[in-house]
Amino acid sequence: MGASHIPEQIIDDIIGRIDIVELIAGYIPLKRAGRNFKALCPFHHEKTPSFMVSADKQIFHCFGCQESGNAISFLIKYERLEFREAVEQLAKKAGVVIPAAPSADSGAEALKTQLYAVMELAAQFYENYLRSPKGAAAREYLHQRGISEETAGLFRLGFAPDAWDELLSALRAKNVSLSVLEKAGLVLAKSNGGFYDRFRNRIIFTITDVKARPIGFGARVLDASLPKYLNSPETPVYAKGKLLFGMPAAKDAIRDSDAVIIVEGYLDCIVPHQYGVRNVVASSGTALTEDQVRLLKRYTTNVVMVYDPDDAGIMAMLRALDIFVEHEMHVKVVQLPTGHDPDMFVRAFGAEAFKNKIATASSLIDYKLAVLTAKYNAREIEGKAKIIAEVLPTVKKCKNAIVRSEYLKRIAVGVQVEERALMEELARIKVGAPLVAPTVRQAVNQAVTLHPTEKLLISLLLSETQLIDTVKDRLSPSDFSDERLNRVVTILFGLLEQGKRIDARAMLSECDDAEMRRLICESAFLAEATFEEKERIVVDCVQRLKHKSLLTRRSNLLDQIRAAQEHRDEDGLRNLIREFDGLIRKRQGVHD
């Protein structure tokens, strides 16, 4: 497991101080099951608990979806964190100090630290002003838009006073330099010298990163004056294309519902959330980017897009659809009645009506066909050709062969052309990634195909490590036919030779491969027999594996002997026959 500049001994110290049962119990309810604990898996939907947590081994494993690992792995998966973020969070809990990550530009990192601090101060300033007597007009505006005080607090809404330098003066009084204020995008330079506040007499929408740190602001007028919105410029901590408004408030609901609803504006996100639709984020009127899609994919692969039903909204929707297809996300589209955005629709018809719209959302391809058939005449040959020319590039980007086939069927019916003609046209398109057939979840498929005797032996060795020495004298890693098990045995034998601790936790620290980690965790939970049974079973497993290995070698030698005979290789033939005779005697010894 990569340490991301954190020394391995510090990671081991952190894991050693964390009780995985206590950690996981803070997220999901655990019930004791013998020496272990069990629960409904938080990573997939199930009715019967298959998620196991071991206090002894300090690992978890789900026998349903095959997710597994240690405390760090759980946090990465559950909280959608990067490796270092998960380690830092556990370090704080364990009271371990992590050395600062080396940086090529310590000055840039120092500036970011300053910007995070000053943006927090600015957010507090705007929030306090909204609650002050001078914020009465802004509070009345939010009240008319149906925003409660609780919701305003949750989304950290604020108000920028109708003055040239109130924020500037307030933050200068806290010893914030003019240079940092300018780099944060909070003030602008005057042509004749000096600075003034960027946002004045506007409702403030605080833009936060996934960690809920203020990094930018959107500012809306209280009347019909223009421009309606002003936004923070991009800074070292704020990049519009890397985040989505409302993500901190929505991420738990996105994970729980395994779906995200994407809208355009701040209020389109805030109002549905207040009405109980929690898994909503906003693109803030900008075109969706690959960074935003990758961020969403950490939480779900299911997307419902609800953009304004105007021409600009429709075109933004069409552009975004292809990005999701390229990242193998499942996309649906909601078309609201003309004149209604999500904010207005929810306030007019209620949350249930909005949820019904979400539940009956159109599939990606149905929506595209509806838009294109409204744009072109599908009864004419030229119209059919234009529709097909615009919709097939989307199909080409789809990597799942089954979904791609269904798309082609729907297009064939919708445009009334032969499916074979669509396939021929699709083959001519050069854009998009290579097409690959869908696969069943690799972890589950591979777990099923493991040789049962090999799998059982690994489980027993992880349970009774004193038997590893005995097995090492009789078997080599090459006796295991499965490559992953071969590598696991190599690690086991290596730890034994180095005199290191041998358990599932130590094994996990030696593995970079997620599939091997799953295999180790699953194996660690399997052996629950008594010691006497385990010793007898280990001996039996060793004999079976040695016998199987010899049979495989015997078959290979016979093939080589036949090849040597065909090529009249006398010297090679004599050596092969000698090796074959030795193998037969070795096989007899295994039987004895």
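Summed over segment 202-217, residues that are on the phi > 0 side of the Ramachandran plot and either open to solvent by 60 Å² or more (accessible area, probe 1.4 Å) or of a type in the set (Val, Ile, Thr) (or both) total 0. Which one of Lys93, Lys112 is at pLDDT 85 or above, closer than 18 Å to Arg213 by Cβ and among the basic types (Lys, Arg)? From the options Lys93, Lys112, the qualifying one is Lys112.
Among the residues in segment 251-258, are any in a loop (DSSP other than H, G, I, E, B) and open to solvent by 50 Å² or more (accessible area, probe 1.4 Å)? Yes, segment 251-258 contains a residue that is in a loop (DSSP other than H, G, I, E, B) and open to solvent by 50 Å² or more (accessible area, probe 1.4 Å).
For Phe60, the criteria (1) modelled with pLDDT of 95 or more; (2) open to solvent by less than 10 Å² (accessible area, probe 1.4 Å) hold in every case but one, which is (1).
One line per residue, one yes/no per condition, for (1) of a type in the set (A, V, I, L, M, F, W, C); (2) within 30 Å of Ala108 (Cβ to Cβ):
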site: Arg145; (1), (2): no, no
site: Gly158; (1), (2): no, yes
site: Trp164; (1), (2): yes, no
site: Ala170; (1), (2): yes, yes
site: Glu182; (1), (2): no, yes
site: Gly194; (1), (2): no, yes
site: Phe199; (1), (2): yes, yes
site: Ile204; (1), (2): yes, yes
site: Arg213; (1), (2): no, yes
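Within segment 363-374, not a single residue is of a type in the set (Lys, Arg), touching a helix residue (DSSP H, G or I) at 6+ places or on another chain (Cβ under 9 Å) and farther than 30 Å from Val277 by Cβ. Filtered by the rule that a residue be within 38 Å of the chain's Cα centre (by Cα) and not in a helix (DSSP H, G or I), segment 149-178 gives Phe155, Arg156, Leu157, Gly158, Phe159, Ala160, Val176.
Do we have Leu226 as hydrophobic (A, V, I, L, M, F, W, C), open to solvent by 10 Å² or more (accessible area, probe 1.4 Å) and over 26 Å from Lys77 (Cβ atoms) here? Yes; evaluated as a whole, the condition is true for this residue. Of all residues in segment 489-503, those satisfying the criterion of being over 33 Å from the mean Cα position of the chain (by Cα) and under 16 Å from Gln466 (Cβ atoms) are Phe493, Leu496, Glu497, Gly499, Lys500. The residue that is nearest to the chain's Cα centre (by Cα), counting only those in segment 38-68 that are of a type in the set (Gly, Ala, Ser) and not in a strand (DSSP E or B), is Gly64. Here Ala189 meets the list (1) of a type outside the set (Val, Ile, Thr); (2) in contact with a helix residue (DSSP H, G or I) (Cβ under 8 Å, 6 or more places away or on another chain); (3) closer than 21 Å to Gly246 by Cα almost entirely, failing just condition (3). Against the numbered list (1) over 25 Å from the mean Cα position of the chain (by Cα); (2) surrounded by 14 or more Cβ atoms within 10 Å (Cβ to Cβ); (3) without any contact (Cβ under 8 Å) to a residue 60 or more places away in the chain, Arg35 comes up short only at (2).
Among the residues examined, Ile314 qualifies as assigned to a helix (DSSP H, G or I), touching a helix residue (DSSP H, G or I) at 6+ places or on another chain (Cβ under 7 Å), in contact (Cβ under 8 Å) with a residue 24 or more places away in the chain and open to solvent by 10 Å² or more (accessible area, probe 1.4 Å). Contact map, segment 491-507: first residue under 11 Å from Leu461 (Cα atoms), second residue surrounded by 11 or more Cβ atoms within 10 Å (Cβ to Cβ) and basic (Lys, Arg), Cβ cut-off under 8 Å, separation 6 or more or different chains; pairs are Phe493/Lys472; Asp503/Lys57; Ala504/Lys57.
Does Glu127 fit the bill of being charged (D, E, K, R), open to solvent by less than 70 Å² (accessible area, probe 1.4 Å), in contact with a Leu (Cβ under 8 Å, 6 or more places away or on another chain) and at pLDDT 95 or above? In short, yes. Looking at the structure I just gave you, is Arg484 basic (Lys, Arg), under 31 Å from the mean Cα position of the chain (by Cα), modelled with pLDDT under 75 and open to solvent by 50 Å² or more (accessible area, probe 1.4 Å)? Against the criterion (basic (Lys, Arg), under 31 Å from the mean Cα position of the chain (by Cα), modelled with pLDDT under 75 and open to solvent by 50 Å² or more (accessible area, probe 1.4 Å)), Arg484 does not qualify.
When Ala100 is tested against (1) within 17 Å of Asn231 (Cβ to Cβ); (2) assigned to a loop (DSSP other than H, G, I, E, B); (3) modelled with pLDDT under 95, only condition (1) is not met. On the stretch given as segment 175-201, residues that are in contact (Cβ under 8 Å) with a residue 24 or more places away in the chain and either buried (at least 22 other Cβ atoms within 10 Å of the Cβ) or not β-branched (Val, Ile, Thr) (or both) total 12.
Lys183 meets the conditions (1) touching a Ser or Thr at 6+ places or on another chain (Cβ under 7 Å); (2) at positive phi in every case but one. The failed one is (2).
For the condition more than 17 Å from Arg213 (Cβ to Cβ), without any contact (Cβ under 8 Å) to a residue 60 or more places away in the chain, part of a helix (DSSP H, G or I) and among the hydroxyl-bearing types (Ser, Thr, Tyr), what is the one hit in Tyr141, Tyr129?
That would be Tyr129, the only listed residue that is more than 17 Å from Arg213 (Cβ to Cβ), without any contact (Cβ under 8 Å) to a residue 60 or more places away in the chain, part of a helix (DSSP H, G or I) and among the hydroxyl-bearing types (Ser, Thr, Tyr).
Residues that are in a loop (DSSP other than H, G, I, E, B) and open to solvent by 20 Å² or more (accessible area, probe 1.4 Å) are absent from segment 106-124.
Every residue, every condition in (1) among the polar types (S, T, N, Q); (2) in contact with a helix residue (DSSP H, G or I) (Cβ under 6 Å, 6 or more places away or on another chain); (3) free of Cβ contacts under 8 Å to residues at least 12 places away in the same chain, yes or no:
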| position | (1), (2), (3) |
| --- | --- |
| Val237 | no, yes, no |
| Pro248 | no, no, no |
| Ile254 | no, no, no |
| Glu264 | no, no, no |
| Asn279 | yes, yes, no |
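Among the residues of segment 24-56, write down those that are more than 21 Å from Ile254 (Cα to Cα) and out of contact with any strand residue (DSSP E or B) (no Cβ under 9 Å at 6 or more places or on another chain). Result: Gly34, Thr48.
Selection of segment 229-242 for residues being open to solvent by 30 Å² or more (accessible area, probe 1.4 Å) and assigned to a loop (DSSP other than H, G, I, E, B) yields Pro233, Glu234, Pro236. On the basis of being over 30 Å from Arg278 (Cβ atoms), modelled with pLDDT of 85 or more, of a type in the set (D, E, K, R) and part of a helix (DSSP H, G or I), does Glu406 make the cut? Against the criterion (over 30 Å from Arg278 (Cβ atoms), modelled with pLDDT of 85 or more, of a type in the set (D, E, K, R) and part of a helix (DSSP H, G or I)), Glu406 qualifies. The single condition from (1) farther than 23 Å from Val346 by Cβ; (2) among the hydroxyl-bearing types (Ser, Thr, Tyr); (3) open to solvent by less than 10 Å² (accessible area, probe 1.4 Å) that Thr301 fails is (3).
The values are calculated or read from the model by the stated rules, or taken from the named source; none is laboratory data. As the structure is a computational prediction, the values presented were derived from the model and not from experiment. Because the Cβ atoms are built from the backbone with ideal geometry, glycine has one as well, and the counts that use them run over all protein chains shown. We work out accessible area using only protein heavy atoms, side chains counted, and drop any ligands, DNA or RNA first. Shrake-Rupley method; radii C 1.70, N 1.55, O 1.52, S 1.80 Å.
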